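This report refers to the structure that appears directly beneath it.
The values are calculated or read from the model by the stated rules, or taken from the named source; none is laboratory data. No experiment lies behind these values; they were computed from the predicted model shown. Because the Cβ atoms are built from the backbone with ideal geometry, glycine has one as well, and the counts that use them run over all protein chains shown. These area figures cover heavy atoms from the full protein model, side chains too; ligands, DNA and RNA do not enter into them. Shrake-Rupley method; radii C 1.70, N 1.55, O 1.52, S 1.80 Å.
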Amino acid sequence: MSDTSLTYWQEKASRLSIETRAFIGGDYRAAASGECFPCVSPIDGRVLGQIAACDAADVDDAVRIARAAFEDGRWSRQAPRERKAVLLRFAELLLARTEELALLETLDVGKPIRDSLAVDIPSSARSIAWMAEAIDKLNDEIAPTPHDRIGMVTREAVGVVAAVVPWNFPLLMACWKLGPALGAGNSVILKPSEKSSLTAIRIASLAMEAGLPEGVFQVLPGFGHTVGAALARHGDVDCLAFTGSTRTGKLMLKASAESNLKRVWLELGGKSPNIVFADAPDLDAAAKAAAYAIFFNQGEMCSAGSRLLVESSIKEDFVRRIIDFAPRLYPGHPLDPASRMGAIVDDIQLKAVLGYIESGRREGARLRLGGEQARKESGGYYIEPTVFEVEQGHTIAREEIFGPVLSVLGFDTDEEALALANDTNYGLAAAVWTSDLRKAHRSAKALRAGVVYVNCYDDDDITVPFGGYKQSGIGRDKSLHAFDKYTELKTTWISLD
Ligand code: NAD
């Protein structure tokens, strides 16, 4: 049996022991209320375990512990190089546990095991390691003040950080926040989505094993309206780093305004335009990238290229190339290393995506591919790669679907393409395909998005910032800019008189 077979992973899954409790202080424990909720695998509807359903009482405990840890300096006052050593060990432990963590991720959210192994876990470890490497290389500033004064500008950890994250890349979205937040010396409380608690719970003990002191990193599984809301409203949480939907992001800002004005950073939804001009350098490569841009991770991607804008003269040819390629991404068993598309995260999301497909049909969009539920006999939640030709007014052309549904629009001029691209409340990502250097630069400047791809899609690296314009968010994850979220700037004046 090899790690390239379905049987290998099924066998491994059958022997996997799954931790389901919260991690508070330095230990795993049940929620204060004793309540649990079922963890259902979207692969086949099987219950994997009963997860601790934390609530406001657990939040109070965890915040008190986090505050004490921050104040006594057990982590916040360690030398940067010491924090770096611990976080590098943490990253190594994540990598050493790649198979176990990838399996947990796939069982929990249904993404293909090949992606969990190749993307989620290594990228998570890399983002922790990169931030760890950075922390003893960031200098503070001395301002050019008058001769008899020194103006020092220093960064200090903000204090207690709550990280509230979604389910599409559970570990990776958490690590984008943990790296800089822990690196800067904060105490962090992680709240995973109720749809994807398993890797968050598991890594708490790995962080302790790496040498993170007790109380510096805690994990509170549970629901948004209980744990999430209690963290957002808590008077002793200094910073709320959120990734999720725009709707919930707005609630986070409101909760901050109505409590202690904690810093709120938002990584939110998108409806990203992928513009293909007739002079794109390689239409086959562009079509393949356009398919991956929407079907990778079952379309459960904040940056999904969900709106394909194609110049009218090549539209039919281009759509045909996507339709020819897409069946290779048809959903398969997520534990089969050959599968390139897996299951939708749960039955709620399945129904939401099918509802959008239905609205496309009802509003007169032209279905070109897919549109049906797949693998029903499995007991899990799967949807075919789906392509619609739409008009700008259609619901599926405007709203984030967060599933494998592509909306295709035609355009005749550059101006029309850019106007259509920017006609959205979102501004996370955008792409443009052209051989014309000036058109590429002009378009990239005109697109109101935090990330613009030219002749590529979904390139990703920890070295560059990621985040959105407009209602796609506030602030940036990744790169050295991420430290801005988790630090306060302090100005200290010193008189030399
Ligand atoms: P969501 O907003 O439903 O939930 C996100 C998190 O917030 C979860 O942990 C959830 O439990 C919690 N939550 C829900 N309601 C809450 C409340 N009232 N108070 C406090 N917390 C609450 O989003 P989701 O369905 O988990 O994730 C999908 C969304 O995330 C999509 O819109 C996607 O575009 C976005 N996303 C954005 C990025 C990015 O970097 N911009 C990355 C991944 C996902």
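Observations on the structure shown:
- For segment 122-139, Karplus couplings with θ = phi - 60° (6.51, -1.76, 1.60), whole Hz, Gly/Pro x: x, 5, 5, 4, 5, 6, 5, 5, 5, 5, 4, 4, 6, 5, 9, 10, 9, 8
- In this label model, Leu261 and Asp148 are separated by 3.4 nm, measuring between points 7 Å along each Cα→Cβ vector.
- Cα shape, segment 1-126, gyration tensor, a/c 1.5 rule: oblate
- Equivalent-ellipsoid semi-axes for segment 325-393 (Cα gyration tensor, √(5λ), whole Å, largest first): 23, 14, 8.
- Between Asp347 and Leu16, the modelled label-to-label distance comes to 2.2 nm, taking each label 7 Å out from Cα in the direction of the beta carbon.
- Rg to Rh, two decimals, where segment 368-497 supplies the alpha carbon set and Rh follows Kirkwood: 1.13
- Karplus-derived 3J(HN,Hα), 6.51/-1.76/1.60, for each residue of segment 230-246, Hz, glycine and proline x: 5, 5, 5, 9, 5, x, 10, 8, 8, 8, 10, 9, 10, 10, x, 7, 4
- Sparsely packed chymotrypsin sites (Phe, Trp or Tyr not before Pro) within segment 8-51, loop by DSSP, other Cβ within 10 Å at most 15: none
- Dipole magnitude for the chain: computed about the Cα centre from +1 point charges on Lys and Arg Cβ and -1 point charges on Asp and Glu Cβ, it is near 320 debye.
- Spin-label pair Ser435-Glu209: with each label point 7 Å from Cα along the Cα-Cβ axis, the two points sit 5.4 nm from one another.
- Average accessible area per residue (Å²) across the chain - probe 1.4 Å, nucleic acids and ligands excluded: 39
- Loop-resident trypsin sites (Lys or Arg not before Pro) (DSSP state other than H, G, I, E or B) in segment 1-37 with no more than 13 further Cβ atoms inside 10 Å of their Cβ: Arg15.
- Accessible surface of the chain, 1.4 Å probe: 52 percent of it comes from carbon and sulfur atoms.
- For Lys315, the lysines whose Cα falls under 25 Å of its own Cα, not counting residues fewer than eight places away in the same chain, are Lys271, Lys288, Lys439, Lys445.
- Overall form of segment 141-263 per C-alpha gyration tensor (a/c, 1.5; a/b vs b/c): oblate
- Legend: P(r) of segment 57-179 from all alpha carbon pair distances, 10 Å bins from 0, whole percents, reading 12, 30, 31, 18, 6, 3, 0.
- Accessible area in the full protein assembly, largest first, 1.4 Å probe, for Met208, Met131: Met208, Met131
- Here is the size of the chain from its Cα atoms: Rg then Dmax, 23.2, 81 Å.
- Placing Asp61, Asp412 in order of accessible area, with the largest value first and a 1.4 Å probe, yields Asp412, Asp61.
- Nearest-ten-degree value, helix 170-183 long axis tilted from longest Cα axis of the chain: 30
- Sequence-distant residues sharing a close amide H with Arg368 (under 5 Å, placed H): Val387, Phe388, Glu389
- List Tyr486, Tyr457, ordered by accessible area with a 1.4 Å probe, largest first: Tyr457, Tyr486
- Restricting segment 54-154 to trypsin sites (Lys or Arg not before Pro) in coil, as DSSP defines it, with at most 10 other Cβ within 10 Å: Lys137
- Electrostatic tally near Ile150: other residues with Cβ closer than 13 Å to its Cβ, Lys and Arg +1, Asp and Glu -1, net -3.
- Normalised by 2.2 N^0.38 Å, where N counts its residues, the alpha-carbon radius of gyration of segment 355-404 equals 1.18.
- Positive-end residue of Val345, Val310, Thr226, charge dipole of the chain with Cβ unit charges: Thr226
- Rounded to the nearest 20, the size of the Cβ-charge dipole of segment 142-205 about its Cα centre is 200 debye, with Lys and Arg at +1 and Asp and Glu at -1.
- Antiparallel bridges, percent of DSSP beta bridges restricted to the chain (to nearest 5): 45
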